[in-house]
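Engineer: What follows is a structure written as structure tokens; I'll ask about it next.
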Amino acid sequence: MSRAVLSLGANLGAADVAVRAAIDALGPALVRASALYRTPPWGGVEQDDFVNATVLVDDPARDAAGWLAFAREREAAAQRVRDVRWGPRTLDVDVIAVWEGDEPVLSDDPELTLPHPRAHERAFVLIPWRDADPDALLPGHGTVDDLLRALPADETAEVTRL
């Protein structure tokens, strides 16, 4: 059994449609999805706000590499272009954490670092994740609630539910 947490976001075109389409593409693997959230851009590039969501997924046929393949397939379907790091995008799908059985998958592979190396710093990941799973735990970092309390209040206040 492979469970994962995926973070989805977009800020070009019909961003909400792109995020919902990626969620729909999960089919029976989707366990739970957060609401959609409007979030400010992260990373210092001037651009429009994002629409973000977090999903909990479960598929015994997929391992961590399979979740990364799903992410890349959905980004390609949305015609994602990677011109500017942290720049605008039609769709971004990040693999945040993966579990095989009850054990978290840990990886320092540059293609797929697990858990995601900056998830604990990002309100746009943590707030939707808490929405989808109020008891969420980021392996190696603690509960999502504790991680959110550690973030600056102004950063968490900027993430608003649509």
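Derivation of every value follows stated rules applied to the coordinates shown; laboratory data play no part. No experiment lies behind these values; they were computed from the predicted model shown. Every residue, glycine as well, gets a Cβ built from its backbone with ideal geometry; the counts of neighbours run over all protein chains shown.
Engineer: Return the residues of region 101-134 that are loosely packed, with under 13 Cβ neighbours inside 10 Å and assigned to a strand (DSSP E or B); say none if nothing qualifies. Give the steps one after another, and end with the answer.
Structural biologist: Step one: of region 101-134, the residues loosely packed, with under 13 Cβ neighbours inside 10 Å are 101-103, 108-111, 117, 134.
Of everything in region 101-134, those that are loosely packed, with under 13 Cβ neighbours inside 10 Å and assigned to a strand (DSSP E or B) turn out to be GLU103, ASP108, ASP109.
Engineer: Could you pull out the residue among VAL144, VAL95 that is under 26 Å from LEU12 (Cβ atoms) and touching a helix residue (DSSP H, G or I) at 6+ places or on another chain (Cβ under 6 Å)?
Structural biologist: VAL95
Engineer: Now, a different point. For region 6-62, which positions are closer than 20 Å to ALA77 by Cα and touching a Pro at 6+ places or on another chain (Cβ under 7 Å)?
Structural biologist: Result: ASN11, LEU12, PHE50, ASN52, ALA53, THR54.
Engineer: Oh, and also: Among the residues of region 1-39, write down those that are touching a helix residue (DSSP H, G or I) at 6+ places or on another chain (Cβ under 8 Å), outside any strand (DSSP E or B) and either of a type outside the set (A, V, I, L, M, F, W, C) or closer than 16 Å to GLU158 by Cα (or both).
Structural biologist: Matches in region 1-39: SER34, ALA35, LEU36.
Engineer: Output the residues belonging to region 76-100 that are in a helix (DSSP H, G or I) and within 20 Å of ALA33 (Cβ to Cβ).
Structural biologist: Residues of region 76-100 in a helix (DSSP H, G or I): 76-77.
Hit for region 76-100 is ALA77, nothing else.
Engineer: So, one more: Report, ordered by the first and then the second residue, all pairs with beta carbons closer than 8 Å, sequence separation of six or more or different chains, a first member in region 94-116 that is at positive phi, and a second member that is among the hydroxyl-bearing types (Ser, Thr, Tyr) and surrounded by 13 or more Cβ atoms within 10 Å (Cβ to Cβ).
Structural biologist: none
Engineer: Can I ask one more? Looking at region 135-162, which of its residues are farther than 17 Å from ALA4 by Cβ and not in a helix (DSSP H, G or I)? If you could, list the steps in order and put the result at the bottom.
Structural biologist: Step one: filter region 135-162 for residues farther than 17 Å from ALA4 by Cβ, giving 142-143, 145-162.
Hits for region 135-162 are GLY142, THR143, LEU151, PRO152, GLU158, VAL159, THR160, ARG161, LEU162.
Engineer: Can you tell me which residues in region 140-154 are touching a strand residue (DSSP E or B) at 6+ places or on another chain (Cβ under 7 Å) and buried (at least 16 other Cβ atoms within 10 Å of the Cβ)?
Structural biologist: VAL144, LEU147
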